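The values are calculated or read from the model by the stated rules, or taken from the named source; none is laboratory data. Quantities reported herein were computed from a predicted structural model and do not represent experimental measurements. Here the Cβ positions follow ideal geometry from the backbone for every residue, glycine too, while neighbour counts run over all protein chains shown. Ligands, DNA and RNA are excluded from the accessible area calculation, which covers all protein heavy atoms including side chains. Shrake-Rupley method; radii C 1.70, N 1.55, O 1.52, S 1.80 Å.
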Amino acid sequence: MPENTAYSNKKIDAEAHRFEKRDMKLGTCYYPEHWPQEMWENDAARMVEIGITHVRIGEFAWSRIEPSRGDFHWNWLDKAIEILADAGLQITMCTPTATPPKWLVDVTPDMLAYTEDGQPRRFGSRRHYCFSSETYRAESRRITEAVVTRYASNPAITSWQTDNEYGCHDTVESYSPMALKAFQAWLKDKYSTIEKLNAAWGTVFWSQEYSRFDQIQFTARTVTEANPAHRLDFQRFSSDQVISFNKEQVDIIRAHTKADITHNVMGHFTAFDHYELGDDIDITTWDSYPLGFMDQEWWTEAQKLRWMRSGHPDFAAFHHDLYRACSNGRWGVMEQQPGPVNWAPNNPAPRDGMVGLWALEAAAHGAEYCSYFRWRQAPFAQEQNHAGLYDSNNNLAQGGAEAKAAHDVLDKLGELKPHQAKVALIFDYEAKWMFDIQPQGTGWHYEKLCFEFYTTLRRLGLSIDIISPHHDLTDYALAVAPSLPVIPDDLFARAKVSKTKLFFGPRSGSKTSDYQIPKQSPFEGLKHIRSESLREGAVLDVDMDEQFYRAKIWRDFVQTTQNRQAKFDDGFPAFIQTQNYDYLAAWPEPKWLRAILRSVVTELGLETVWLPKDLRLRRSDDKVFAFNYGAKDTDLSRFAKDVEFIHGSYQLAAASVAIWKDNA
Ligand code: GAL
């Protein structure tokens with residue numbers, strides 16, 4: 001076949017076949033390079049059979065596309081695309097930059113990322129490149145250009161994915177010589193003079209003043225804690241490097257095609273600012289592995305056992321809401337767990353039903369796409385113990401059957417319009433970085449605090465949007481910041497215009513963006529005296545409305561001229577309500593958090609319920625979805641009266657979904 005004309009004659013209109021808004025499609029991640037060509041046609045036919053319409057390919061195929069420099073082997077990929085397109089599948093083509101091949105590393109060793117102790121990373125797994133390496137950037141542009149020129153005009157390719165999971169395996173930060181030079185230049189650009197940097201960082205402390213930007217090193221390998229503002233700037237710089245690396249690929253792709261561009265981000269991952277990434281792409285997608293994360297994250301042993309086969313009932317929802325916020329309105333799931341994974345400490349099988357439930361939950365939150373990773377389990381190499389929709393011997397696996405069942409429900413539902421939540425939760429990447437640098441207490445964990453707020457709001461039966469601190473507040477009756485160290489200057493003014501109630505948790509307003517303590521509290525009528533962190537097991541008694549509650553982990557001592565709704569034993573205010581804001585001066589135990597949030601949302605006229613631990617609801621325009629994350633049936637009649645079910649019934653079985661028409 002002649003180069004560049006190797007496409008199927010079957011024309012698919014790219015415009016018409018872009019991800020359609022809110023009509024959620026199913027997809028899968030496929031690796032034609034892992035299988036003999038004789039299998040491809042049958043694979044494509046079976047994808048269609050189980051309701052898959054989208055397929056992602058190519059993200060790790062560099063060594064097959066270009067086995068040695070400039071020697072491009074397109075034929076196999078042309079053929080794979082042709083077969084998939086002939087089956088009517090829409091393709092997400094990826095740039096293969098997450099896996100630079102051996103020959104490239106050998107000729108350009110300065111592309112490698114460096115570990116904190118100054119050693120170059122080795123070839124042998126993936127993501128071994130440094131975002132600051134000019135050499136690698138040139139290679140990334142070159143291979144992107146090559147793949148895009150080859151396939152931009154192919155109508156079967158309806159979207160493009162840049163790279164794969166920026167930052168996976170802790171790869172945002174690199175301590176290479178090129179990264180150091182780039183960091184010094186970034187600092188110069190930010191501060192313009194070294195005096196300004198010294199003042200912002202407070203380098204007079206411990207005699208750390210600099211006289212030139214090129215004296216500044218990484219903070220790795222210092223004897224004890226390095227300057228926190230220096231660390232924060234390094235995190236900001238590293239984040240910016242990811243954004244600009246991505247932007248280079250995006251610009252090349254856009255120059256050739258109007259097809260949508262996406263990148264697949266990860267769960268529980270905060271090392272770069274995802275709001276910024278979302279500004280540069282058309283569809284923000286994320287990779288959802290609820291069981292892997294349940295096993296390896298911060299939850300208690302009891303919670304890990306309870307939800308080992310379902311994932312935490314708020315894990316996927318939290319990330320759907322977060323990444324919707326990190327998008328221009330269009331988002332989806334690029335990789336959905338299909339069965340046991342291989343990478344968590346323990347890798348149980350999902351309860352039968354969960355693989356389908358996760359897809360329907362994505363639809364309820366407004367995803368336009370949910371793609372399973374991966375089509376077929378690989379019989380070789382690192383991920384041979386990771387399930388696929390088919391097993392490695394090509395038998396339909398449990399995940400595949402459930403994908404088909406989810407497709408049948410989606411078919412019944414048709415278009416889903418996104419629901420406008422009344423309550424927003426403010427999530428901030430810089431807050432996370434700041435608290436990681438100086439947690440000031442082993443129990444303090446920013447994401448965990450946000451998650452506890454999110455869980456409580458959801459158990460109150462509310463649908464929640466997650467937003468950045470800079471997001472427009474117009475549609476929200478309430479914006480809850482579980483903790484926000486730097487309060488944007490215009491936040492109170494914006495809230496006033498939109499009549500949004502602002503709620504702040506502990507440590508809010510405690511820092512300037514230079515990582516210093518502000519001279520004045522941003523909260524009118526509130527004086528911060530001091531704060532304390534508490535060891536595990538230590539609790540403080542709180543009196544609110546003559547009920548006794550408890551606080552743990554953190555407490556702010558504040559004085560106020562404002563209305564106190566709760567006080568600690570020693571008389572200091574624990575919860576304050578004012579015209580302009582509410583302030584909670586401690587990390588609340590669940591009961592107290594529930595009482596506070598219930599009273600705040602009720603005052604705003606929002607109705608609440610209290611859902612059982614395993615049950616969650618999500619509104620989607622004129623429909624309500626109920627998800628049972630438990631191991632037993634649950635009865636919905638307390639939460640849904642005289643409703644018309646579109647799917648399911650009042651008796652909701654374990655790992656299943658009910659959907660009814662919202663008559664509210
Ligand atoms: C993701 C990654 C995939 C695969 C998968 C396994 O993080 O993007 O390539 O490794 O995990 O669960």
Worksheet item: Can you name the number of the only condition in (1) under 24 Å from Ala658 (Cα atoms); (2) part of a loop (DSSP other than H, G, I, E, B) that Pro345 fails?
Response: (1)
Response to the item:
Scanning the stretch 595-643 residue by residue, those open to solvent by less than 60 Å² (accessible area, probe 1.4 Å) and in a helix (DSSP H, G or I) turn out to be Ala595, Ile596, Leu597, Ser599, Val600, Val601
Practice prompt. Would you point out which residue out of Tyr390, Tyr369 is under 30 Å from Pro36 (Cβ atoms) and at pLDDT below 95?
Written response: Tyr369
Worksheet item: Among the residues of the stretch 325-342 satisfying the criterion of being closer than 11 Å to Thr285 by Cβ and outside any loop (DSSP other than H, G, I, E, B), which is farthest from the ligand (Cβ to nearest atom)?
Response: Trp331
Practice prompt. Keeping to the stretch 481-497, report how many residues are in contact (Cβ under 8 Å) with a residue 24 or more places away in the chain, closer than 24 Å to Tyr515 by Cβ and not in a strand (DSSP E or B).
Written response: 7
Item to complete: Would you check which residues across the stretch 504-526 are open to solvent by 40 Å² or more (accessible area, probe 1.4 Å) and more than 16 Å from Leu584 (Cβ to Cβ) and list them?
Response: Lys511, Thr512, Ser513, Asp514, Gln516, Ile517, Lys519, Gln520, Glu524
Worksheet item: Restricting attention to the stretch 187-204, which residues are open to solvent by 50 Å² or more (accessible area, probe 1.4 Å) and in a helix (DSSP H, G or I)?
Response: Lys188, Asp189, Lys190, Glu195, Lys196, Ala199
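Residue by residue, here is whether (1) charged (D, E, K, R); (2) under 17 Å from Ala481 (Cβ atoms); (3) assigned to a strand (DSSP E or B); (4) out of contact with any Ser or Thr (no Cβ under 8 Å at 6 or more places or on another chain) holds:
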position: Leu502; (1), (2), (3), (4): no, yes, yes, yes
position: Pro506; (1), (2), (3), (4): no, yes, no, no
position: Lys511; (1), (2), (3), (4): yes, yes, no, yes
position: Pro518; (1), (2), (3), (4): no, yes, no, no
position: Glu524; (1), (2), (3), (4): yes, yes, no, no
position: Ile529; (1), (2), (3), (4): no, no, yes, yes
position: Glu536; (1), (2), (3), (4): yes, no, no, no
Discussion item. Quick test for you: out of Ile437, Ile517, Ile529, Ile487, pick the one residue that is within 22 Å of the chain's Cα centre (by Cα) and on the phi < 0 side of the Ramachandran plot.
Written reply: Ile437
Worksheet item: Which ones in the stretch 161-186 are more than 16 Å from the ligand (Cβ to nearest atom) and open to solvent by less than 20 Å² (accessible area, probe 1.4 Å)?
Response: Ser174, Ser176, Ala179, Phe183
Practice prompt. Select from the stretch 258-282 the residues that are away from the ligand (no atom under 16 Å from the Cβ) and open to solvent by less than 20 Å² (accessible area, probe 1.4 Å) and write down the one among them that is nearest to Leu197 (Cα to Cα).
Written response: Gly278
Fill in: Hits in the stretch 361-402 (condition: in a helix (DSSP H, G or I), buried (at least 24 other Cβ atoms within 10 Å of the Cβ) and more than 16 Å from the ligand (Cβ to nearest atom))
Glu361, Ala362, Ala363, Ala364, Gly400, Glu402
Worksheet item: Ser310: within 16 Å of the chain's Cα centre (by Cα), farther than 24 Å from Asp428 by Cβ and either hydroxyl-bearing (Ser, Thr, Tyr) or away from the ligand (no atom under 16 Å from the Cβ) (or both), yes or no?
Response: no
Worksheet item: Going by the structure shown, is Glu139 assigned to a helix (DSSP H, G or I), loosely packed, with under 15 Cβ neighbours inside 10 Å and of a type in the set (Asp, Glu)?
Response: no
Discussion item. Quick check on this structure: which one of Gly366, Gly414 is on the phi > 0 side of the Ramachandran plot and over 22 Å from the mean Cα position of the chain (by Cα)?
Written reply: Gly414
Practice prompt. Give the residue, chosen from Ala367, Ala363, that is closer than 17 Å to Arg618 by Cα and touching a Leu at 6+ places or on another chain (Cβ under 7 Å).
Written response: Ala363
Worksheet item: When the residues of the stretch 414-429 are filtered to those that are open to solvent by 20 Å² or more (accessible area, probe 1.4 Å) and touching a residue at least 60 places away in the same chain (Cβ under 8 Å), which remaining residue is nearest to the ligand (Cβ to nearest atom)?
Response: Pro418
Item to complete: Answer yes or no as to whether Glu139 is of a type in the set (Asp, Glu), over 30 Å from Asp117 (Cβ atoms) and touching a helix residue (DSSP H, G or I) at 6+ places or on another chain (Cβ under 7 Å).
Response: no
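Conditions tested, residue by residue: (1) without any contact (Cβ under 8 Å) to a residue 60 or more places away in the chain; (2) closer than 15 Å to Gly461 by Cβ.
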site	(1), (2)
Gln579	yes, no
Trp587	no, no
Pro590	no, no
Arg594	no, yes
Leu597	no, yes
Val600	no, yes
Arg616	no, yes
Ser620	no, yes
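Here's the yes/no breakdown for (1) among the acidic types (Asp, Glu); (2) in contact with an Asp or Glu (Cβ under 9 Å, 6 or more places away or on another chain); (3) over 17 Å from Asp582 (Cβ atoms):
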site: Lys432; (1), (2), (3): no, yes, yes
site: Asp436; (1), (2), (3): yes, no, yes
site: Pro439; (1), (2), (3): no, no, yes
site: Phe453; (1), (2), (3): no, no, no
site: Thr456; (1), (2), (3): no, no, no
site: Pro469; (1), (2), (3): no, yes, no
site: Thr474; (1), (2), (3): no, no, yes
site: Ala479; (1), (2), (3): no, no, no
site: Asp489; (1), (2), (3): yes, no, yes
Response to the item:
Scanning the stretch 527-563 for residues that are more than 22 Å from Pro439 (Cα to Cα) and among the acidic types (Asp, Glu), the one most open to solvent (accessible area, probe 1.4 Å) turns out to be Glu546
Response to the item:
With the first residue restricted to the stretch 309-336 and required to be without any contact (Cβ under 8 Å) to a residue 12 or more places away in the chain, and the second required to be open to solvent by 10 Å² or more (accessible area, probe 1.4 Å) and not aliphatic (A, V, I, L, M), Cβ contacts under 7 Å at 6 or more apart or on different chains are none
